Structures are given as C-alpha cells and as structure tokens.
Amino acid sequence: MAKASAAARSDGAETAHQLPDADVAREWLHAMILIRHFEERAGEMYAKAKVGGFLHLAIGEEATIVGSVRAMRAEDYLISTYRSHGHALARGTDPNAVMAELFGRETGCSKGRGGSMHMFDLERRFMGGYGIVGGNLPLAAGFGLSSDYLGTEDATLCTFGDGASNQGTFGETMNLAALWKLPVVFMVTNNQFGMGTALERHSAVTDLQRKGEGFGVPGMRCDGMDVLDTHAVIREALRRAREERQPVLVEAITYRFRGHSMADPEEYRTKEQVAEWRQRDPITLFSDRLVAEGVMSAEDVEALDAEVMARIDEAVAFADSSPFPPPESLYDNVYVLGGQVRGWYSVDERSPEPHRGEDERDMAISGGEAYSHHAGDMGSGPSDEAQGTK
Ligand SMILES: Cc1ncc(C[n+]2csc(CCOP(=O)(O)OP(=O)(O)O)c2C)c(N)n1
C-alpha cells in the first residue's frame, strides 16, 4: 500500500508548499475541523436513530475535501458521492441544513427527501451527493458540456472513490471528456478500499492517476493528507481544464479512519494499519504547521475547536426541532415539470388519474382500481409514436 507522503513527495519532506495568508490558512483549518466534528456528531446521531438510511463518514479525508473545494471558483460545479457531507459544508451550505437533511427534516438542503447520500445545493453549484458508484462521472461530463455550449469559463470537479474507477462509466466518461475537450477535473479519492476490498484486490492498475491515460486524460497525484498539496494540484488541474480544455484525472492518496459506513465490522484491515495512518491525521498535520510557523497558538486552535463544537450543537438543535415534511407533500418536487418538459406524471392508487405530483394534495380521493404507471403522453408534447417510443 502506498504511503501518502512517500507517494506524493519525491523529496521526502512533509510538505513543499508555502502556507497561504494567515486568514486563509485559519479558514482552511476551520473548514476541516468543522467537517471532522460534524461527521463525529452525525455518527452519534445515527447511533441514536436520529438519522435513518445509510451514513458514510469521511473522517480522515478532510484535506482532500477542503484542499480541492478551496481551489474552485464560486461558479464552478462540484459533484461528489454518497460520502458528501463534507463537500456540502466546504462549499458553504449551512451546517443546520446539512444536519437537518440527515435528520430527514423539511429544513434540510434537499428538503429532507435525500438524506445522507443526497445533499444538494444548487445556489452553490454543489450538484450533489450521488448514491450510485460511478454514476456521477457522466453527469460531470454533462456539466462540462453545458459549460462548453454556453461558452462560460466554468469548470467541474467530480470526486469519486478508487472502487468507482472500475465502473464502466469511468472509461466511457474519460473517452468523451477527452474527445470533446471538456473542462472537467476528475478526482479519484483513493482511500485504499472499495467497501472491504483493498485497492490491490479490486484494481489491476493501482497507480490510479494513470488509469485515464489510455483514454486521453492525463493524470496528476496529490497527497490527500496534506491540504496544501491537494489544493496546489487541484488548482493546477482546474487551470488546465479551464484554460486548455484538457480534462485531468487527479489521484488523491488518503485513508478513511472509520468504516465504509456505520454498518462495517472492519474485518478487512488491522487496528495497527489504521493507527499508522492516523499518525498523518490531516488536521493535526496542518494545525501543527500553523502553530510551528506562528500563524496560530495552540490556544487559538483549541478555541477554534470549541467554537466549532458549539456550532454543531446548534445544528443538531436546529435539526431536531425542525418539522418532518408533511405526508401530503409526498409527491412534491418528484419530477421537473415545466411547460417545456413532457414528463412523467404521478398516479396514486387513491387518486389514479394521471396528474402532476404537486396537485396530489388537492386531488379528490377516488375508490377506483389501484394501479400505477406513467402517462406517456399527456397531450402537451409529440405523441409516443412520433417520438418512436413505446
Ligand atoms: C453501481 C453500484 N454498485 C454498488 C454499490 C454499493 N456500494 C456502495 S459504496 C461501494 C464502494 C465504493 O468504493 P469507492 O468507490 O472506493 O468509494 P469509497 O466508498 O471508498 O468512498 C459500493 C460497492 C453502489 N452504490 N452502486
């Protein structure tokens, strides 16, 4: 298994990068600590059954998140995976809204419909978490194509795991991104495992930065435990994508300190291995450097930590006191139905006539025969026959 520092640095030094301005450095540390404590508390809330479904934590991967997101412009698009709480927080989504989403409440950033895997914040161009492994790659190519069509300077950052690099969508997306010269940076967050399967047992090519080369996508690598290295490499990759219309694949070497999800007995790795990687905790590495270079005192770091804990308390209180979505809103926002979209309509066995989901709450309940299917042609667009569909 590649050690992060040895893999990323040829000179053996912990980091070759200069610190950014003091305010920026403090903000990056703050963002990483916020993600760490948010994740820890999310885990506790899951154990207390305040959070349903699955919960995938990114503890240990904070530098990959903050380093990359801070290299983006506000107009750039970001899409990640089901391990996405940190991406939402780093992009600036209110911690209250992220926690409320975990709790399934109406005040959540996806109105309580998405939960842990489906954070979303269009205003900040965070196009979501995504539950299907590798399913976010073609979408990222779509964002890149859209930027190209519209003639903007916007780039897209797409993060995914080492396991996702084995999906068919990986090769398909690399090919089109290179062919169409899309402004997309693909960031493979190599945390050494796809669920319980180690990298060398699931991928024939373990030098993941090279995995896109045959498709025309060059690779770069960063030390994902070092926020400065991650930032510098992703910034350069985004520049190439934006200015040279050259998609790039960046491999970030990191490690997740916790299990794949909350339901992971972790029988595939030893405690010693976890302890070894924890010695390069990205938050400790960065805060130690800030203290060593006089940017912050140890007391400042402690105060920042306490401030974040209070903020998380507030987010939990907010989430816990927020209402659940009312049952009659079940069909709201299920499909996008503008006048231009000939879409699928909702049906319910209690109100079986095809209708817009948003109208469900006002529908008369009929005792008609229970069925559910989609209404192919609602009369607003060309017929199925004309579209060649069935
Ligand atoms: C298409 C698909 N297959 C399988 C799964 C189940 N699954 C969820 S996460 C995961 C492992 C993915 O590992 P990796 O891409 O390395 O990301 P990580 O979880 O390490 O962040 C699998 C197999 C899924 N969600 N989607």
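The values are calculated or read from the model by the stated rules, or taken from the named source; none is laboratory data. No experiment lies behind these values; they were computed from the predicted model shown. Here Cβ is always computed from backbone atoms with ideal geometry, including for glycine, and neighbour counts include all displayed protein chains.
Would you point out the residue of the stretch 204-230, among those that are within 22 Å of the chain's Cα centre (by Cα) and either of a type in the set (S, T, N, Q) or not assigned by TED's automatic domain parsing to the domain that holds Asp21 (or both), that is surrounded by the fewest Cβ atoms within 10 Å (Cβ to Cβ)? So that I can check it myself, show each step before the final result.
Residues of the stretch 204-230 within 22 Å of the chain's Cα centre (by Cα): 208-209, 211-212, 217, 219-230.
Those left that are additionally either of a type in the set (S, T, N, Q) or not assigned by TED's automatic domain parsing to the domain that holds Asp21 (or both): 209, 230.
Working: Gln209: 23, Thr230: 31.
Only one residue tops the list, namely Gln209.
Tally time: how many residues in the stretch 130-141 are within 12 Å of the ligand (Cβ to nearest atom) and either in contact (Cβ under 8 Å) with a residue 40 or more places away in the chain or buried (at least 24 other Cβ atoms within 10 Å of the Cβ) (or both)? Spell out the reasoning first.
Kept after step one, since they are within 12 Å of the ligand (Cβ to nearest atom), are these residues of the stretch 130-141: 130-137.
Add one more test, that the residue is either in contact (Cβ under 8 Å) with a residue 40 or more places away in the chain or buried (at least 24 other Cβ atoms within 10 Å of the Cβ) (or both), and what stays is 130-131, 133, 136-137.
Final tally of qualifying residues: 5.
Identify, by number, the condition in (1) near the ligand (Cβ under 8 Å from one of its atoms); (2) on the phi < 0 side of the Ramachandran plot that Met195 doesn't meet.
Result: Met195 passes all but (2).
Identify, from the list Met262, Met309, the residue that is surrounded by 12 or more Cβ atoms within 10 Å (Cβ to Cβ), of a type in the set (A, V, I, L, M) and within 16 Å of the ligand (Cβ to nearest atom). Write out each step before concluding.
On the way: Met309 fails: within 16 Å of the ligand (Cβ to nearest atom).
Exactly one of Met262, Met309 is surrounded by 12 or more Cβ atoms within 10 Å (Cβ to Cβ), of a type in the set (A, V, I, L, M) and within 16 Å of the ligand (Cβ to nearest atom), namely Met262.
Output the residues belonging to the stretch 54-70 that are within 12 Å of the ligand (Cβ to nearest atom) and either assigned to a helix (DSSP H, G or I) or not assigned by TED's automatic domain parsing to the domain that holds Arg278 (or both).
Within the stretch 54-70, Thr64, Ile65 qualify.
Inside the stretch 126-164, can you point out the residues that are in a helix (DSSP H, G or I), within 28 Å of Leu57 (Cβ to Cβ) and aromatic (Phe, Trp, Tyr)?
Within the stretch 126-164, just Phe143 meets the criteria.
Quick one: in the stretch 236-258, which of the residues that are assigned to a helix (DSSP H, G or I) and among the acidic types (Asp, Glu) is nearest to Val69 (Cα to Cα)? Step through it out loud before you land on a result.
Residues of the stretch 236-258 that are assigned to a helix (DSSP H, G or I), as a first pass: 236-244.
Filter once more, keeping what is among the acidic types (Asp, Glu): 236, 243-244.
On the way: Glu236: 13, Glu243: 18, Glu244: 20 Å.
Restricting to residues being assigned to a helix (DSSP H, G or I) and among the acidic types (Asp, Glu), the top hit is Glu236.
Note down all Cβ pairs under 6 Å where the first residue falls in the stretch 116-127 and is in contact (Cβ under 8 Å) with a residue 24 or more places away in the chain, the second is β-branched (Val, Ile, Thr), and they're at least six residues apart or on different chains.
Asp121/Thr93; Met127/Ile79
Residue-by-condition table, conditions (1) within 26 Å of Arg280 (Cβ to Cβ); (2) surrounded by fewer than 22 Cβ atoms within 10 Å (Cβ to Cβ); (3) away from the ligand (no atom under 15 Å from the Cβ):
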site	(1), (2), (3)
Arg105	no, yes, yes
Gly108	no, no, yes
Gly114	no, yes, no
Gly128	no, no, no
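In this structure, is Glu123 surrounded by fewer than 18 Cβ atoms within 10 Å (Cβ to Cβ), away from the ligand (no atom under 16 Å from the Cβ), assigned by TED's automatic domain parsing to the domain that holds Glu213 and assigned to a loop (DSSP other than H, G, I, E, B)?
Details: surrounded by fewer than 18 Cβ atoms within 10 Å (Cβ to Cβ): yes; away from the ligand (no atom under 16 Å from the Cβ): yes; assigned by TED's automatic domain parsing to the domain that holds Glu213: yes; assigned to a loop (DSSP other than H, G, I, E, B): no.
Considered against the rule, which asks whether it is surrounded by fewer than 18 Cβ atoms within 10 Å (Cβ to Cβ), away from the ligand (no atom under 16 Å from the Cβ), assigned by TED's automatic domain parsing to the domain that holds Glu213 and assigned to a loop (DSSP other than H, G, I, E, B), Glu123 comes out as no.
Out of everything in the stretch 60-72 that is crowded, with 23+ Cβ neighbours inside 10 Å and not small (Gly, Ala, Ser), what residue ends up being nearest to the chain's Cα centre (by Cα)? Step through it out loud before you land on a result.
Filtering the stretch 60-72 for residues crowded, with 23+ Cβ neighbours inside 10 Å gives 60-69.
Going one step further and asking which of them are not small (Gly, Ala, Ser), we end up with 61-62, 64-66, 69.
Values: Glu61: 12, Glu62: 12, Thr64: 11, Ile65: 9, Val66: 12, Val69: 10 Å.
So the residue we want is Ile65.
Could we say that Gly151 is more than 10 Å from the ligand (Cβ to nearest atom), without any contact (Cβ under 8 Å) to a residue 24 or more places away in the chain and on the phi > 0 side of the Ramachandran plot here? Working first, answer last.
Values: more than 10 Å from the ligand (Cβ to nearest atom): yes; without any contact (Cβ under 8 Å) to a residue 24 or more places away in the chain: yes; on the phi > 0 side of the Ramachandran plot: yes.
Here the answer is yes, as Gly151 does meet what is asked.
Could you check Gln167 against (1) in contact (Cβ under 8 Å) with a residue 24 or more places away in the chain; (2) more than 25 Å from Gly60 (Cβ to Cβ) and say which number it fails?
Unmet for Gln167, out of (1) in contact (Cβ under 8 Å) with a residue 24 or more places away in the chain; (2) more than 25 Å from Gly60 (Cβ to Cβ): (2).
Do the conditions hold for Met187, that is, is it in the same structural domain as Arg258 (by TED's automatic domain parsing), touching a residue at least 12 places away in the same chain (Cβ under 8 Å), within 16 Å of the ligand (Cβ to nearest atom) and assigned to a loop (DSSP other than H, G, I, E, B)?
Details: in the same structural domain as Arg258 (by TED's automatic domain parsing): yes; touching a residue at least 12 places away in the same chain (Cβ under 8 Å): yes; within 16 Å of the ligand (Cβ to nearest atom): yes; assigned to a loop (DSSP other than H, G, I, E, B): no.
Against the criterion (in the same structural domain as Arg258 (by TED's automatic domain parsing), touching a residue at least 12 places away in the same chain (Cβ under 8 Å), within 16 Å of the ligand (Cβ to nearest atom) and assigned to a loop (DSSP other than H, G, I, E, B)), Met187 does not qualify.
Matching residues to (1) small (Gly, Ala, Ser); (2) under 20 Å from Val188 (Cα atoms); (3) surrounded by 24 or more Cβ atoms within 10 Å (Cβ to Cβ):
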{"residue": "Asp21", "(1), (2), (3)": "no, no, no"}
{"residue": "Ile35", "(1), (2), (3)": "no, yes, yes"}
{"residue": "Phe38", "(1), (2), (3)": "no, no, yes"}
{"residue": "Val51", "(1), (2), (3)": "no, no, no"}
{"residue": "Ala74", "(1), (2), (3)": "yes, no, no"}
{"residue": "Ser80", "(1), (2), (3)": "yes, yes, yes"}
{"residue": "Gly92", "(1), (2), (3)": "yes, no, no"}
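Answer yes or no: is there a residue in the stretch 39-47 that is more than 16 Å from the ligand (Cβ to nearest atom), in contact (Cβ under 8 Å) with a residue 40 or more places away in the chain and touching an Asp or Glu at 6+ places or on another chain (Cβ under 8 Å). Before you say what the answer is, go through the steps one by one.
So the first thing to find is which residues in the stretch 39-47 are more than 16 Å from the ligand (Cβ to nearest atom), and the list is 40-41, 44-47.
In the following step, the residues that additionally are in contact (Cβ under 8 Å) with a residue 40 or more places away in the chain were identified as 41, 45-47.
After this cut, where a residue has to be touching an Asp or Glu at 6+ places or on another chain (Cβ under 8 Å) as well, the list is none.
So far as the stretch 39-47 goes, no, none of its residues is more than 16 Å from the ligand (Cβ to nearest atom), in contact (Cβ under 8 Å) with a residue 40 or more places away in the chain and touching an Asp or Glu at 6+ places or on another chain (Cβ under 8 Å).
Can you say whether Pro282 is closer than 30 Å to Tyr149 by Cβ and either in contact (Cβ under 8 Å) with a residue 12 or more places away in the chain or outside the structural domain of Gln18 (by TED's automatic domain parsing) (or both), as far as the supplied structure shows? Before the answer, list the steps.
Values: closer than 30 Å to Tyr149 by Cβ: no; either in contact (Cβ under 8 Å) with a residue 12 or more places away in the chain or outside the structural domain of Gln18 (by TED's automatic domain parsing) (or both): yes.
Criteria not met by Pro282.
Which pairs do you get when a residue that is among the hydroxyl-bearing types (Ser, Thr, Tyr), found in the stretch 324-348, comes within reach of a residue that is modelled with pLDDT under 65, reach meaning Cβ atoms under 7 angstrom, with the pair 6+ apart or on two chains?
Tyr335/Gly343; Tyr335/Trp344; Tyr345/His374; Tyr345/Ala375; Tyr345/Met378
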